[in-house]
Each structure stands twice: as structure tokens, then as C-alpha cells.
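Here the structure is laid out as C-alpha cells; the discussion comes afterwards.
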Amino acid sequence: MRSNIEAVVIANGEYPTRKEVLEIINSAPLTVCCDGAADDFIARGGVPDIIIGDMDSLSDENKARYSDIIIHNPDQETNDQTKAVQYLLSRGITRIAIVGATGRREDHTIANIALTAEYMAMGAEVVSYTDSGCFIPCRDNKRLQCTPNAQVSIFNINATALRSEGLDYPIYDFTALWQGTLNCCRSGEFTISAQGDYIVFITAV
């Protein structure tokens with residue numbers, strides 16, 4: 001997906017350091033910062049196109065400086081990452097990279113990762129990139145590429161008939177989050193067949 005990203009969402013977790021992720025941020029046609037994440041991005045020399053959220057963590061200085069690109073969304077039923085994705089989808093932008101969604105608070109990390117499956121259901125082609133790899137929400141049959149010998153974990157949402165080719169260990173209809181973790185792809189390509197939704201994590205090697 002990296003080659004056809006239409007927008008990057010910078011969430012308010014730990015700012016990435018991996019070269020590949022920084023390249024995604026620097027090359028994205030549109031940069032949407034989630035509330036307080038804008039402070040870090042701006043401090044690093046970045047210029048956001050949109051800042052969105054409930055504005056509970058953006059500095060007063062940047063609220064004033066960037067008032068013309070701020071979208072204030074006070075909805076407390078969704079988080080700022082979701083507000084950013086919803087905004088992009090409303091503009092017809094579907095190929096979205098998310099960065100900075102992990103780190104700091106573990107509960108936020110789990111929520112941000114789980115939400116990628118909901119974004120897929122909303123029509124987004126989304127990948128959440130971290131310093132150690134990427135999370136890809138998937139539905140039904142999927143062929144995925146990776147670096148040879150990458151570690152692969154599969155988190156089942158509601159899928160049945162889970163099977164795979166190209167992974168070291170056979171997969172099945174996981175009922176607990178940990179059951180699909182710590183697999184490996186030796187060749188650089190693997191296929192998952194399923195009926196339903198699941199999230200794949202692939203490490204960067």
C-alpha cells in the first residue's frame with residue numbers, strides 16, 4: 001500500500017523513529033494530525049494540513065497559529081484517530097496510513113489497533129505502521145507480502161475457516177487474542193483464506 005497512500009494520520013502515541021515510517025510521513029500527499037499529536041509533529045518541523053479532535057491536548061499556541069486548519073470535533077463516543085479517518089472518508093480518501101497509534105498508554109494502543117478493522121468495514125484501505133512492523137485489517141481471502149523471515153501474528157475478529165499457506169505453523173479458528181501470534185513467513189509471501197475479519201501484524205525485518 002505504501003506506493004499509493006493518499007493520506008497519513010498521525011495519532012497521539014509515540015512518534016515513530018523507523019526510517020520507513022518517517023518516509024511515509026514525509027511523502028504523504030495529505031497529513032492529518034490528531035489533536036495533541038500536532039504539537040510533536042510541528043516541533044519536529046512538520047506542517048499539518050489538518051488538525052482534528054476534541055482539542056483537549058493541543059497547545060494554546062498551536063490552536064491560535066493553526067486555527068484555519070483545525071476541525072473541532074467534540075464527540076466523546078469516538079477517539080481522535082477515528083475522527084481523522086472519518087474526515088478522510090467523507091472526502092473520498094480511502095487509502096490511509098496511520099502512524100503514532102501505539103505506545104504511551106497500552107489501553108489506547110489496543111483500541112487504536114482494534115479500530116482498524118472498523119475502518120475497513122467503513123470502506124478504508126488502512127494500514128497502521130509502527131516502529132516494529134505494521135497492522136493490516138483483512139477480510140476473507142488475502143495474499144500478503146513481507147520481508148523474508150518476517151514474524152507474523154494474526155488476531156481474529158470474527159473470521160471462521162481460517163487457513164494459511166506460506167506460514168511456518170498452521171492456523172485455525174482462533175478464539176483468543178494470543179492464539180495466532182508468533183508465526184513466521186520464510187519466503188516473503190503468504191496467503192490466508194477465511195470468512196470474516198481479522199488483523200495481521202507483520203514485523204519489519
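Observations on the model:
- Restricting the stretch 32-49 to residues that are of a type in the set (A, V, I, L, M) and free of Cβ contacts under 8 Å to residues at least 60 places away in the same chain, the residue that is nearest to residue 90 (Cα to Cα) is 32.
- Flag for residue 172 being at pLDDT 95 or above, in a loop (DSSP other than H, G, I, E, B) and hydroxyl-bearing (Ser, Thr, Tyr): yes
- The residue of the stretch 39-61 that is surrounded by the most Cβ atoms within 10 Å (Cβ to Cβ), among those that are part of a loop (DSSP other than H, G, I, E, B) and aliphatic (A, V, I, L, M), is 58.
- When 86, 81 are checked against the criterion of being crowded, with 20+ Cβ neighbours inside 10 Å and polar (S, T, N, Q), a single residue qualifies: 81.
- Residues of the stretch 155-186 satisfying the condition of being at positive phi and either among the basic types (Lys, Arg) or surrounded by fewer than 14 Cβ atoms within 10 Å (Cβ to Cβ) (or both): 161, 182
- Unique residue being under 26 Å from residue 145 (Cβ atoms), under 15 Å from the mean Cα position of the chain (by Cα), not hydroxyl-bearing (Ser, Thr, Tyr) and not in a helix (DSSP H, G or I) when the list is 24, 98: 98
The values are calculated or read from the model by the stated rules, or taken from the named source; none is laboratory data. Everything numeric here is computed off the predicted structure, so don't read it as measured data. Because the Cβ atoms are built from the backbone with ideal geometry, glycine has one as well, and the counts that use them run over all protein chains shown.
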